[in-house]
Amino acid sequence: MSHTQPPEARNNGGYGYDHGWYGGQDPSALPVHEQTMQLRVLPPPPPEADPGFSFVEEPLPGWTLPPPALMGWSADTGRRRRTVSLAMLAVVLIVQAALSLRLSNSAFEDEALYVWAGHVEIGSLFFGAPNYGGFDTYFSGAPVLYPVLAAAVDSVFGLAGVRALSLLFMLTATSCLYGLTRRLFNERAGLSAAVLFAVSMPTLFLGHFATYDAMAVCLLAVTAWLLTVIAPRHWSLAVPVALVAALAVGVKYASALFLPTLVLLYVLAAYRHHHVRRALLRGALFSAATLGVLFGGLAASGYLTAIRSTTTARAHGDTPAWQIIEDSGRWAGLLVAVAVVGTVTYARTARLSEIPGWRRAVPGRRWRTCLGVLLTGTALLAPAYQIHLQTETSLQKHIGFGLFFAAPMAGVGVTRLMGAHFKFPQWPIAIGAVALTLGLSQSAAYFGSWPDTRYLVPQLAYTVRPGQHWLGDPKEGPVYYLSRERRTSYQDWLSFFFIDYETHDGRHLSGIPGYRAAVRDGYFDGVVLDYSGGLPPAEEAVRQEMRTTGRYRLTSSLPYRTSTGGGHFEIWVRQDAGRP
């Protein structure tokens, strides 16, 4: 008596795989989740079986395996995933803080100016002292906001404390970026965006720079995050968030450039949970509330002159467009390029299901395209505006505003390049390494681009006496340190920016003639010059006048090095000027 086994059983020692599911259908034509694999054990043939009998067992119940997820993290909000994500975010923030705190230099002129302005404003607001600064006419932010806060911190902790305040603002911005990206996409995209933003040059630089830029970035970040939080909630919550947006513009007037992005982001986020009409009404309410607060504050403060001179009607320079584009590419090119990748791939497909809570399975292509273009395109606003002004002034700071909005799409770009289940880890490793290298080198180079006054200040402390008249370049940094020791005050110093000198015969002279006349008359007790390969026309005229008249003598020549070269400070003292 013979027995015929199925070919599978003969080839596998009695074990076979039955692929005849569903009445002999071709399994490749079935859905993935219905394709199963069943393992059958074929018993030995019974002795009484007919020689032509072929034993076939009925199919046993098998396991139905769902298709693997296209990404490692699902769209739910499990406690474990949130805990791991927050722990990784904490590591990112620690690294960001360490990289910013490694930067070292003496006070830059803007830092010293804003802190001094804050002390003047505090004296005027709370103690009735005269406000002789006129800061509301040329500051690019309200002098009663950040300068007052910086001066209060400076009174207790000094410049290090004010710079630590900027670091706190930038760490808050990175945290809000993670929260914003997590709500728009997922935790993995949020962490990728936070890493790229945290190690970028503008972020590291502003994190240790005591100006109002860090506070403005922080307030814009808080506004963007809050808008995604309140999008599914009651429409009235847009009003208090509008106060935060208006405060950001008050801190730095140029922040108004990013208000349209915030409005459109709010509309897109609201459309996730409401219909088009309700989303548009929410955006209109947020816009009206923000503009109402801004116009009310403008009417009460009278800062229109400063807004015109520093923002809307700022004087044009002569920097060519190609140079602005080149520098913008060096500082932000990598993040923007990855954001473009994220925008294109996200517009083509939403296969990774980045958005939890969508009212349909995946967002539509038009919505995805609008979101990507909006966020990535915002990074181009600051360079475009600087090209319009033909100036690079503060470009290294302004470009950080746009990078915050482009970072979410950069996070999506990293996740798409990485693939599901970290299939291509070489991409995030390479991008992260390049971003870290650029951020470290560029931030250190720019933070060391102004002269360190660590040797100049002690020498001036030995020379300067209270009540003397000094002419200086630099002025703000040395005066900031000396005024803390009550050796001088800002009223006793004049810069090379402007002079209105009254001669003995009653004539008023400005510009180079005014400086020459003041030197000839011995009006200044001392002069500080910054000689780095040459001097501007006004400083060169003063230097030649001092050498010609013989009323001043050179007492010190202090060399220094910067990331762009070197030079030396010259301290000239009037011949009959005494010492303490």
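Considering only region 271-294, I want to know if a residue exists there that is in contact with a Lys or Arg (Cβ under 8 Å, 6 or more places away or on another chain) and buried (at least 16 other Cβ atoms within 10 Å of the Cβ). Yes; the residues of region 271-294 include at least one that is in contact with a Lys or Arg (Cβ under 8 Å, 6 or more places away or on another chain) and buried (at least 16 other Cβ atoms within 10 Å of the Cβ). Cβ-Cβ distances below 7 Å connect the following pairs, each with a first residue in region 201-212 that is crowded, with 24+ Cβ neighbours inside 10 Å, a second residue that is in a loop (DSSP other than H, G, I, E, B), and a separation of six or more residues or different chains: Tyr212/Gly141; Tyr212/Lys252. Can we say Ser124 is modelled with pLDDT of 50 or more and either buried (at least 18 other Cβ atoms within 10 Å of the Cβ) or touching a Lys or Arg at 6+ places or on another chain (Cβ under 6 Å) (or both)? No; evaluated as a whole, the condition is false for this residue. Cβ-Cβ distances below 8 Å connect the following pairs, each with a first residue in region 372-397 that is under 30 Å from Thr345 (Cα atoms), a second residue that is of a type in the set (Asp, Glu) and assigned to a helix (DSSP H, G or I), and a separation of six or more residues or different chains: Leu395/Asp327; Gln396/Asp327; Lys397/Asp213. Of the helices (runs of 4 or more DSSP H) lying entirely inside region 342-423, the ones with 3 or more residues being assigned by TED's automatic domain parsing to the domain that holds Pro232 and either at pLDDT 95 or above or touching a strand residue (DSSP E or B) at 6+ places or on another chain (Cβ under 8 Å) (or both) are found at 365-378, 395-418. Contact map, region 329-345: first residue touching a residue at least 24 places away in the same chain (Cβ under 8 Å) and crowded, with 20+ Cβ neighbours inside 10 Å, second residue in a helix (DSSP H, G or I) and acidic (Asp, Glu), Cβ cut-off under 8 Å, separation 6 or more or different chains; the map is empty.
Which of the residues that make up region 522-546 are surrounded by fewer than 13 Cβ atoms within 10 Å (Cβ to Cβ) and not in a loop (DSSP other than H, G, I, E, B)? Within region 522-546, just Pro537 meets the criteria.
Regarding region 209-223, can at least one residue be identified that is more than 18 Å from Phe401 (Cβ to Cβ), part of a helix (DSSP H, G or I) and assigned by TED's automatic domain parsing to the domain that holds Arg282? Looking through region 209-223, none of the residues is more than 18 Å from Phe401 (Cβ to Cβ), part of a helix (DSSP H, G or I) and assigned by TED's automatic domain parsing to the domain that holds Arg282. Output yes when any residue across region 173-186 is at negative phi, surrounded by 21 or more Cβ atoms within 10 Å (Cβ to Cβ) and part of a loop (DSSP other than H, G, I, E, B), and no when none is. Yes, that holds for at least one residue.
If only residues of region 456-482 that are within 37 Å of the chain's Cα centre (by Cα) and β-branched (Val, Ile, Thr) are counted, the one that is surrounded by the fewest Cβ atoms within 10 Å (Cβ to Cβ) is Val457. Surrounded by 12 or more Cβ atoms within 10 Å (Cβ to Cβ) and modelled with pLDDT of 90 or more: does that describe Leu113? For Leu113, the condition - surrounded by 12 or more Cβ atoms within 10 Å (Cβ to Cβ) and modelled with pLDDT of 90 or more - is met.
Checked against (1) of a type in the set (A, V, I, L, M, F, W, C); (2) part of a helix (DSSP H, G or I); (3) farther than 27 Å from Pro458 by Cβ, Val519 passes all but a single condition, namely (3).
The residues in region 491-530 that are of a type outside the set (D, E, K, R), touching a residue at least 60 places away in the same chain (Cβ under 8 Å) and in contact with a His (Cβ under 9 Å, 6 or more places away or on another chain) can be counted, and the count is 1.
The values are calculated or read from the model by the stated rules, or taken from the named source; none is laboratory data. Since we're looking at a predicted model, the values are computed, not measured. Heads up, the Cβs are rebuilt from the backbone with ideal geometry, glycines too, and the neighbour counts pull from every protein chain shown.
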